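The values are calculated or read from the model by the stated rules, or taken from the named source; none is laboratory data. Just so we're clear, the structure is a prediction, and the values are computed from it rather than from any experiment. Glycine gets a Cβ as well: all are built from the backbone with ideal geometry, and neighbour counts include every protein chain shown. These accessible areas exclude ligands, DNA and RNA; they are computed on the full protein's heavy atoms, side chains included. Shrake-Rupley method; radii C 1.70, N 1.55, O 1.52, S 1.80 Å.
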Amino acid sequence: MSVIRPLSWGRRYLMCRPEHFRVDYAINPWMDLESPVDQELALAQWDRLAATIEQAGATVERIAQLPGTPDMVYAMNYGLVDGDHVAVTSFRHEQRRPEAEAAEWWFGEAGLRTTRLRDFGVGAFEAGDAFLFGDSLLVADGPRTDRAAHAVLSRELGVRLASVGVVHPALYHLDLSFCPLDETRAIVAPSAWNAAGRATVAGLVPQPLVIDEHEAFTFCANSVVVGDVVVMPQGTPSRVARQLEAWGFAVETVDVSELHKGGGSIRCMTLPLDTVLDDARLTPAVPGVTRQDMELATV
Ligand code: ARG
């Protein structure tokens, strides 16, 4: 068994109980207006998920769902937390925009400072497209985040940013193809990315657990890691679970099949509140070099 070097984050989450979860519109290929949601079952599955995450050792905060925003249950997308600062999502689709306002209010009540990416006029940035890994913030350039938003994100957060081109329409958020496991390992689904994106991730992740497209379609990369526990959706291929166990992780699976009807799984439903992006922080290494010079060199 190998040694796990746990992530510096992943012990505090914001989640939204699916009181008003439905599939009212289709903004990703998983959403099927003909397939009705069993609301009671969705609630029961969500309660079980929250309990499992708490049993794994994490804290779960809750935000009430707005009746008119059925996708609000996918809390990962509200924003990217960096200590006491949040970069609030600029949603691609207008159906989800009221969620950003509700979340911004919640962040304020929680004592966090917010920066609205939407105010910069550089297109979309959805937080399911961003992860700290190694010395960089890995950010998708794809269906839900525009390349033009990367420079703004890097500048506003003061972080080194690595772009990954997401090209697969069904793996439309980075959190469907990339799951940080510990300091050196991540689940990765290269079939979601262009060649440059594959090269970027290969350079960033020393020990990848590579999954193919078929495996990624089980949403197994959309899992949550609490220390050495990986909370994964039921249906995760046993090959993937076995590799995680061989590395020393404990795998807990939860049935969230009703919530898959909106095109998201466990990670999508959990917003990490304890991320601090210090490992990616841009600080001038050479006297006289400004932060802006560094950013221009990076992005
Ligand atoms: N129906 C939602 C959407 O298309 C699902 C979001 C899934 N969230 C995620 N972090 N991948 O926006």
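A few comments on the model shown:
- The chain: calculated mean residue ellipticity at 222 nm from DSSP helix runs of at least 4, using -39500 (n - 2.57): -7000 deg cm²/dmol
- Just the protein heavy atoms count here, and of the accessible area of region 59-184 at 1.4 Å, carbon and sulfur take up 49 percent.
- Dipole magnitude of region 113-247, debye to nearest 20 (Cβ charges: Lys/Arg +1, Asp/Glu -1, about Cα centre): 260 debye
- Most mobile of 104, 213, 126 in a GNM of the chain (Cα contacts under 10 Å): 213
- Within region 18-68, GluC sites (Glu not before Pro) in DSSP loop having at most 12 other beta-carbon neighbours inside 10 Å: 34
- When all protein chains stay in place and ligands, DNA and RNA are ignored, the 1.4 Å accessible-area order of 193, 105, largest first, is 105, 193.
- Gaussian network model of the chain, Cα within-10 Å springs - most flexible of 81, 210, 139: 210
- Surface accessible to a 1.4 Å probe, per residue, for the residues of the chain, Å²: 39 Å²
- DSSP H segments from the chain that extend 18 Å or more along their own axis, Cα-based, with Kyte-Doolittle mean of -0.5 or above: 39-55
- Residue 25 sits with roughly 30 Å² accessible to a 1.4 Å probe, with DNA, RNA and ligands left out of the calculation.
- Put 113, 17 in order of accessible area, highest first, and with a 1.4 Å probe you get 113, 17.
- Farthest towards the positive end of the charge dipole of region 16-157, among the residues 153, 134, 51, is the Cα of 153, using unit charges on the Cβ of Lys, Arg, Asp and Glu.
- Of the residues 230, 37, the one with the largest accessible area comes first in the ranking 37, 230, computed with a 1.4 Å probe on protein heavy atoms.
- Choice from 256, 188, 276 with maximal GNM fluctuation in the chain (Cα, 10 Å cutoff): 276
- In Å², nearest 10: area of residue 35 left accessible to a 1.4 Å probe: 40 Å²
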